[in-house]
Amino acid sequence: MRTIKCGDYHELSVKAAEILAGCVGEKADCILGLATGSTPVGLYQELIGLYQAGKLDFSRVRTVNLDEYVGLAPEHPQSYRYFMEGKLFRHINIAPENTHLPNGLSDDPEEEGRRYDRMIEALGGIDLQILGIGHNGHIGFNEPAEVFTPGTHAVELSESTIKANSRFFAAADEVPRRAITMGIGSIMRAKKILILVEGAAKAEILKAAFAGPVDPRVPASILQLHRDMTLIADKAALSCM
Ligand code: F6R
């Protein structure tokens, strides 16, 4: 595991954008695994800036997102599809058909998970996966559990995740209770992984994930076993390491 220590969130976002731009530079039709949440927003702004400056071309890039809420339509303002359109896709020259998220409206979320993994494989696999980490150590929506779940699957969200995500909804009871998420195996198959962590509130879980044992009760700890994993974090997040 490689660690890049950044002074602040801006530097973290710039560094992450450099790595991602390097990936697109090496392989114009690369497959990028993307995340939602607050942490990658600065990265997406940097990518938009690079595109507008003529330094980055997304015309052949394909993207696959980690997760989507069950029951939310793409046009729902809290859906992850809506988030990605607003924060990134609409502002760059990516072809809509090259952007993929699990279908939250599927009648059969488990089958949708299997379809999603087959689709990723058919694309050729993820070249670079961007991740954030939840306060309970989740990656994607892989919540703390007794075992790691390999494939993309439907999950019941934990109370702590529902509470954390309620900041985006009018009330906690509007947060969907289920989501479809890439599994741990789907994530670990990515050729490279870049995890972005910001702020003192993530310091304890960061230490548990990367300085403790590999344990499904801290899902991100599995990343210790990945061959090409980079942690980009600010000083505050690294303060317990
Ligand atoms: C987002 C995702 C989540 C977030 C995590 C951290 O697609 O899968 O695992 O990365 O909840 O979220 P933020 O960045 O908002 O702290």
- prompt: Considering the zone a paramagnetic label at Ala21 would reach in this model (a point 7 Å from Cα along the Cα-to-Cβ line), which residues of the range 81-114 have amide N under 18 Å from it?
  reply: 88-89, 91-94
- request: Quick one: among Thr63, Thr149, Thr181, which has the greatest mean-square fluctuation in a GNM of the chain with alpha-carbon springs under 10 angstrom?
  value: Thr149
message: Only bridges whose two residues both fall in the range 83-215 count here: according to DSSP, what percent of them are antiparallel, nearest 5?
response: 55 percent
message: Connecting C-alpha atoms closer than 10 Å in a GNM of the chain, tell me which of Gly132, Gly86, Gly113 has the biggest fluctuation.
response: Gly86
- prompt: What is the calculated FRET efficiency for Glu159 to Asp29, with r their C-beta to C-beta distance and R₀ = 25 Å, to the nearest 0.05?
  reply: 0.05
Charge context of Glu146, other residues only, Cβ under 15 angstrom, K/R +1, D/E -1: -2
field: Rounded to 5, percent antiparallel among DSSP beta bridges of the chain
entry: 30 percent
field: Virtual spin-label span in nm between Met1 and Val147, 7 Å along Cα→Cβ
entry: 2.5 nm
- request: Report the full-extension gain for the segment Asp8 to Glu85: residue separation times 0.36 nm, less the Cα-Cα distance, to one decimal in nm.
  value: 25.1 nm
task: Classify the chain as rounded, prolate or oblate from the Cα gyration tensor: take a ≥ b ≥ c as the square roots of its eigenvalues, call it rounded if a/c is under 1.5, otherwise prolate when a/b beats b/c and oblate if not.
output: rounded
statement: Summed over the other residues with a beta carbon less than 12 angstrom from that of Glu18, with K and R at +1 and D and E at -1, the charge totals 0
- prompt: Given the Cα-Cα distance of Gln52 and Gln224 and 0.36 nm per residue of separation, how much length would full extension add, in nm?
  reply: 58.4 nm
task: Using Cα centres only, tell me the gap between the range 190-241 and the range 10-89 in whole Å.
output: 21 Å
field: Rough spin-label spacing in nm, given labels placed 7 Å along Cα→Cβ, for Arg217 and Glu111
entry: 3.8 nm
field: Residues of type lysines that Lys55 reaches as a straight line, Cα spacing below 28 Å, ignoring anything fewer than 8 places off in the same chain
entry: Lys5, Lys15, Lys27, Lys87, Lys191, Lys192
- line: Most fluctuating of Val197, Val214, Val147 in the GNM of the chain (C-alpha, under 10 Å) is Val147
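Where a number appears in this text, it was derived from the coordinates with a stated rule and is not lab data. All values reported here derive from a predicted model rather than from experimental measurement. Neighbour counts are summed over all protein chains in view; Cβ atoms, including those assigned to glycine, are modelled from backbone coordinates with ideal geometry.
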